[in-house]
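Report on one structure; see the data block that follows.
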Amino acid sequence: MTYLIDRIDIQVTSRPALDQQLDDAVRTLQELAMQSGTHGILITRLAPGHYTAALSDQVPFGTTRELNR
């Protein structure tokens, strides 16, 4: 199945903004994950204030994992 959105880039300068944008990204990706039932969500911290939220077939459906690089 092809997704129009499979990764969301997040860049913020404050903790409240990070919390809000991560919550929004996870909700969006949860809706997409429900379509296939095969992907979980992986949140990756790339640098301070820079994250990605993505559908991942390496994360079990119904699960959200975090990765720090």
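Here are a few things to note about the model shown:
- Remark: spin-label model distance VAL26-GLN58 equals 2.0 nm, labels positioned 7 Å along the Cα→Cβ axis.
- The calculated FRET efficiency for the pair ASN68 and THR38, based on their C-beta separation and a Förster distance of 22 Å, comes to about 0.30.
- Here the residues SER36, SER14, SER56, ranked from fewest to most Cβ neighbours within 10 Å of their Cβ, fall in the order SER14, SER36, SER56.
- Mean Cα-pair separation over length for the chain, i.e. relative contact order, pairs under 8 Å, 6 or more apart, %: 34
- Extending 7 Å from the Cα toward the beta-carbon at both ALA47 and ARG15 defines two label points whose distance is 2.3 nm.
- Derived scalar couplings ³J(HN,Hα) [segment 55-69; Karplus, 6.51 cos²θ - 1.76 cosθ + 1.60; whole Hz; x for Gly, Pro]: 6, 9, 7, 8, 10, x, 3, x, 10, 10, 10, 10, 9, 9, 9
- Computed over segment 7-68, Cα set: Rg, Dmax in Å: 11.3, 34
Rule-based calculations on the coordinates, nothing more; no lab input. Computed from a prediction, not measured in an experiment: that's the story for all the values here. Here Cβ is always computed from backbone atoms with ideal geometry, including for glycine, and neighbour counts include all displayed protein chains.
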